[in-house]
Amino acid sequence: MNHWLLKSEPAVFSIDDLEKQKTTLWDGVRNYQARNFLKAMQVGDLAFFYHSSTEPPGIVGLCRVLETGLVDPSQFDPNSPYFDPRSSAENPRWWTVRVGFVEKFKCPLTLDLLRKNFSPDELILLRRGNRLSVMPVAAEVAERITAMRASQ
């Protein structure tokens with residue numbers, strides 16, 4: 001099983017939204033590196049759900065990858081902010097996964113707390129200039145994050 005971190009602005013889609021809906025497509029990703037991470041995901045992988053552009057930002061829960069290799073339908077919708085006129089049904093450019101709710105943390109693991117416990121080499125999220133919405137998390141880092149959550 002692999003571990004990932006998925007970032008979303010809570011005003012757009014929050015852990016509470018995922019809890020209510022139970023599952024969602026992780027659509028609208030328009031960065032090639034993040035897309036490639038989505039393509040690398042496997043059914044059963046766990047992802048830390050991170051709220052960005054909020055105060056304080058941080059990891060607020062867990063979700064699980066339920067389906068992989070899905071074409072992102074938002075690329076074909078001309079009314080979507082994620083529309084890509086260069087994509088076609090025969091040659092889609094953007095892929096996604098379906099994730100399901102696992103758990104909402106009692107207390108967020110804030111960005112400041114993550115900075116105190118991990119280096120930028122350990123956690124991609126902490127690297128200067130990193131704006132990826134999807135990123136891998138090494139197994140040992142995932143274990144430490146899980147332990148931090150359990151101790152709160």
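Just so you know, all these numbers are worked out from the coordinates, no wet-lab data involved. Computed from a predicted model, the values in this text were never measured in an experiment. Methodologically, a virtual Cβ is constructed for each residue, glycine included, from the backbone with ideal geometry; neighbour enumeration extends over all protein chains shown.
Sorted ascending by nearby beta carbons within 10 Å, beginning with the fewest, ILE59, ILE124 become ILE124, ILE59. Tell me the mean residue ellipticity at 222 nm calculated for the chain from its helices only (DSSP H runs of n ≥ 4, each -39500 (n - 2.57), averaged over every residue, nearest 500). Theoretical 222 nm ellipticity from helices: -6500 deg cm²/dmol. Evaluating kT/(6 pi eta Rh) at 4 °C and 1.567 mPa s, with the Kirkwood radius of the chain over Cα pairs in the Stokes-Einstein relation, gives 82 µm² s⁻¹.
The value for the range 89-137 of Rg(Cα) / (2.2 N^0.38 Å) is 1.57. Rg and Dmax, both from the Cα atoms of the range 23-99 and both in Å, are 13.4, 42. Restricting attention to the chain, close to 80% of DSSP beta bridges with both partner residues there are antiparallel.
Return the whole-Å distance between the Cα centroid of the range 43-73 and the Cα centroid of the range 80-103. Taking the Cα centre of the range 80-103 as reference, the centre of the range 43-73 is 15 Å away.
Straight-line reach from LYS104: taking Cα to Cα under 18 Å and skipping same-chain neighbours fewer than 8 places apart, the lysines in range are LYS7, LYS20, LYS22.
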